[in-house]
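Asks: Starting off with a structure, shown below.
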Amino acid sequence: MKWIRRSEDRDAWIMWLNGAAGAGKSSIARSIAERCEQAKLANASFFFFRQDPTRNTAKPLAATLAYQLTISIPLTRKIIVEALDRDPLLFGRSFESQLKALIIEPLLQIRQQSDSSANLTSPFLIIIDGLDECDGRDVQTNIIHALSDALRDTGLPLVCLIASRPEQQITMAFNSRKVTDIVTRLPLDDIYRADKDIRLFLNDKFAEIKVSHPFKHLIGSSWPPEDVVDNIVGKSSGQFIYASVVINFVSSPRHHPVQRLEIVRGVRPARLDTPFAQLDALYMHIFSCVEDIDATMLILSYAILASCNKTITIERFLSLDKGDVEITLADLKSVIVVSSASIKFLHASLPDFLCDPGRAQKYYIDPPNRHADFAHLWFEHFKALTQSGSSGNTVVCFNAAKQMIKHLEVAVSTNKLQQDVLDFLPHPHYFSYSDTVKQMSRFLSCIRALDFQDEHRAYNQMLESVTRIAKDWYPDDYRSLAEYHNISQILDKLRIEPQTHQPQTQGLKSAEQCEVKGDGSETTAKKWPLHSVLKRVFRL
């Protein structure tokens, strides 16, 4: 409110309130509008809303602001009516023209009237919320530029609060030379931690449910448990929308609140209930605006299923160029923060959404099949590594089998994976430095569990290869394979073989021979264009 009231030494005429989807921007904008009304500060507001055809376009913006201007400053009414009389087609013209004729000119005229100077002693505030929900990216940026031009050139006591997600085109508009020097930014980011406010909101709403709900007699005095509230706060990730959706679902007057909260927690089947319908609609819209959805889903799938948030690791594993992850995920800035270093989900509930076929629908990442794809890609890396005769990239060098095993354990059986196993030449350096034989055994168990319907041909072949390597490299430990796998026949076969067999190296350099660069890589891995990777590996 201090920023609004300031009349002297003002260096910013626009405040950009920005934050992730569901961060509470609209609630803050409404609160400011209400406080202005209570303090009798002249203001006009417009709240864009994507799902309302009367509020998802810029067409009614200037007219709505002009009407509220006549309420706040009645002397402008006559001037606005005269402007419409002179140009009956004014509402069909550009926003810039409407803004000038219906807002700027009336304020300039009454400022020139000596008997009305008192009407402009305090700034007039324009509030525009949800700019990112206005149809048309060019329209969004035009609104910013039009307001910037009007505020910069007129010298009027006119200020503007714009609330939106930090979408690419909006961020660029605010960063442009003719806008940035009159803008102050208020980001609802990590510095602004809303966890305490979300907890207060939840406790207050749960207390209200226990007092006012028709079935309050069915609710225990200790409900909800503190750990449940903690879980909701954690899932909210600092964004109010998740907590709000939970409360709206639980507080339904036709249902048992305790049971509804159990549905939210996943301990009771949802049946026909859709606790996250509002949140899902938000996610569906955000993903519908993504330009390259196939590449986006590939990157997100790996980040989620491999529990990997390091940008460079994802780019190396998927054989992408530096910067591809950041560029590809640019359309998801309202729910994901991406930098050259890492990926961060602003909504902890987003991975849950993407892993649920009923909620995500066409954006479902299908974990079993994706795990199979990523296991296949690990085999591809190992194959390239063997063929090149060098250690290649650290992503696929020592101990890399640990990551592949994570995917194999939950992957579906595919013909592609079967062939991968048949072609695979294992090497000790792929496995853990410690407990190597134990990890080899775990790898073999994954192959056996996949059951390729080939009478265990792939498993038996891999069992013999791994047993040979374990016996050569770990003569004191290799017999531990027998705890979970039948290796007796293989050992018998090895006893009668001529003693000319040498430990398998496959042309791979040892750890001491690998030249490691300053960025952690040993050599520059081969890069392929992103879409080539998609078609070559995943056949999209």
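The values are calculated or read from the model by the stated rules, or taken from the named source; none is laboratory data. All of these numbers come straight from a predicted model, not from anything done at the bench. Glycine gets a Cβ as well: all are built from the backbone with ideal geometry, and neighbour counts include every protein chain shown. In case anyone asks, the SASA skips ligands and DNA or RNA and just uses the protein heavy atoms, side chains included. Shrake-Rupley method; radii C 1.70, N 1.55, O 1.52, S 1.80 Å.
Asks: Do any helices (runs of 4 or more DSSP H) lying entirely in the stretch 57-117 carry at least 2 residues that are modelled with pLDDT under 90 and at negative phi, and which ones are they?
Replies: Output list reads 105-112.
Asks: Quick one: in the stretch 215-255, of everything that is of a type outside the set (S, T, Y) and exposed (fewer than 12 other Cβ atoms within 10 Å of the Cβ), which residue is nearest to the chain's Cα centre (by Cα)?
Replies: Only one residue fits best here, namely D227.
Asks: Which members of the stretch 185-241 meet the condition of being under 18 Å from H256 (Cβ atoms), of a type in the set (G, A, S) and part of a loop (DSSP other than H, G, I, E, B)?
Replies: G220, S221, S222
Asks: Given L279, L261, which one is in contact with a Pro (Cβ under 7 Å, 6 or more places away or on another chain) and either part of a helix (DSSP H, G or I) or of a type outside the set (F, W, Y) (or both)?
Replies: The conditions single out L261.
Asks: Here's another thing I want to ask about it. Quick one: is A163 assigned to a strand (DSSP E or B), closer than 29 Å to Q51 by Cβ, open to solvent by less than 50 Å² (accessible area, probe 1.4 Å) and touching a helix residue (DSSP H, G or I) at 6+ places or on another chain (Cβ under 7 Å)?
Replies: yes
Asks: State yes or no: is V410 under 36 Å from the mean Cα position of the chain (by Cα), among the aliphatic types (A, V, I, L, M), more than 15 Å from R468 (Cα to Cα) and open to solvent by 40 Å² or more (accessible area, probe 1.4 Å)?
Replies: Spelling it out, V410 is indeed under 36 Å from the mean Cα position of the chain (by Cα), among the aliphatic types (A, V, I, L, M), more than 15 Å from R468 (Cα to Cα) and open to solvent by 40 Å² or more (accessible area, probe 1.4 Å).
Asks: Looking at S148, is it in a loop (DSSP other than H, G, I, E, B) and either surrounded by 20 or more Cβ atoms within 10 Å (Cβ to Cβ) or touching a residue at least 12 places away in the same chain (Cβ under 8 Å) (or both)?
Replies: So S148 fails the test.
Asks: Which residue out of R6, R30, R50 is touching a residue at least 60 places away in the same chain (Cβ under 8 Å), over 28 Å from A277 (Cβ atoms), surrounded by 13 or more Cβ atoms within 10 Å (Cβ to Cβ) and of a type outside the set (D, E)?
Replies: The conditions single out R6.
Asks: Oh, and also: Since P357 meets every condition but one in (1) closer than 21 Å to R165 by Cβ; (2) surrounded by fewer than 16 Cβ atoms within 10 Å (Cβ to Cβ), which condition does it not meet?
Replies: (1)
Asks: Just checking, does the stretch 336-358 include any residue being over 16 Å from the mean Cα position of the chain (by Cα), of a type outside the set (D, E), more than 20 Å from E291 (Cβ to Cβ) and not in a loop (DSSP other than H, G, I, E, B)?
Replies: Yes.
Asks: Quick one: is E37 more than 35 Å from the chain's Cα centre (by Cα) and open to solvent by 20 Å² or more (accessible area, probe 1.4 Å)?
Replies: The answer is yes for E37.
Asks: From L298, L329, grab the single residue that is closer than 23 Å to E133 by Cα and in a helix (DSSP H, G or I).
Replies: L329
Asks: When the stretch 1-17 is examined, which residues are found to be touching a strand residue (DSSP E or B) at 6+ places or on another chain (Cβ under 9 Å), at pLDDT below 90 and of a type outside the set (F, W, Y)?
Replies: Listed by number, the residues that qualify are I4, R6, R10, D11, A12.
Asks: Now, a different point. With in contact with a Ser or Thr (Cβ under 9 Å, 6 or more places away or on another chain) and open to solvent by 70 Å² or more (accessible area, probe 1.4 Å) as the only criterion, which of L75, L69 stands out?
Replies: Criteria check complete, one pass: L75.
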